[in-house]
Amino acid sequence: MTEQNWTPRFRTQTSTVTKVLRSNAFLRSRECSDTIVDSADELRALADLVETLDQTSPPLSAVADRVAAAVRLLRDRANRIHDAAALNDDSSDTAGPKNYDAPSAGVATRERLVVASLHYLVTPDDLVPDFRAGGYIDDVFLLAWVFGVASDELARYLADERGGGGTAGR
């Protein structure tokens, strides 16, 4: 087979992940993530909503461990925002505001992507509405992709296989 006559056997015009990323539902989730990511209360509310979903049944069970890690990331970020706000309230005018170590631009972007994907997960009317048969399949494709992109950010929040606890508190 030469390079000139080679054609792929399975060819799709647009991948499922690309369709989800370009969907109006995910674009709305990305817009919402801009405000959620900087609000401790909204991060906790999103984490609470995600935890109400049944993650023991397919297809969500395929990414349940990563979803749990992402929820721990949200709660940790909410705690850091809350702590930074408390420090700023206690700081004197002469010392200037105290601030927690803000994440780098790349880390902040990946955290915002995690927030957007979890918002998409809890939004029932997305590319494939969740109330329909197979409704969470688009969510799983998106989450798997996002969790791959944000694997470094999620690694410390994954449950320790030996002890069963998260590693975020160490």
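The values are calculated or read from the model by the stated rules, or taken from the named source; none is laboratory data. For clarity, every value in this text was computed on a predicted model and none was experimentally measured. No Cβ is skipped: glycine too gets one built from the backbone with ideal geometry, and neighbour counts run over all protein chains shown. Side chains included, ligands, DNA and RNA excluded: accessible areas come from the protein's heavy atoms. Shrake-Rupley method; radii C 1.70, N 1.55, O 1.52, S 1.80 Å.
Close Cβ contacts (under 7 Å, 6 or more residues apart or on different chains) running from residues in the stretch 56-84 that are touching a residue at least 12 places away in the same chain (Cβ under 8 Å) to residues that are part of a loop (DSSP other than H, G, I, E, B) and among the hydrophobic types (A, V, I, L, M, F, W, C) comprise L60/L53; D65/L158; A69/L158; R72/A168; D76/A168. Applying the condition of being buried (at least 17 other Cβ atoms within 10 Å of the Cβ) and hydrophobic (A, V, I, L, M, F, W, C) to the stretch 41-52 and asking which residue is farthest from R75 (Cα to Cα) yields V50. Kindly list, by first and then second residue, each pair from a residue in the stretch 32-55 that is touching a residue at least 40 places away in the same chain (Cβ under 8 Å) to a residue that is among the acidic types (D, E), limited to pairs with Cβ atoms under 6 Å and residues at least 6 apart or on different chains. Every condition considered, the pairs that remain are I36/E42.
Residue by residue, here is whether (1) among the small types (G, A, S); (2) closer than 20 Å to A150 by Cβ; (3) modelled with pLDDT under 95 holds:
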site: I36; (1), (2), (3): no, yes, no
site: D54; (1), (2), (3): no, no, yes
site: D90; (1), (2), (3): no, no, yes
site: T94; (1), (2), (3): no, no, yes
site: A102; (1), (2), (3): yes, yes, yes
site: Y120; (1), (2), (3): no, yes, no
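The set of residues from the stretch 54-63 being surrounded by 16 or more Cβ atoms within 10 Å (Cβ to Cβ) and assigned to a helix (DSSP H, G or I) comprises L60, V63.
Taking the stretch 125-159 as the range and being farther than 13 Å from A70 by Cα, assigned to a loop (DSSP other than H, G, I, E, B), open to solvent by less than 10 Å² (accessible area, probe 1.4 Å) and of a type in the set (A, V, I, L, M) as the test, no residue passes.
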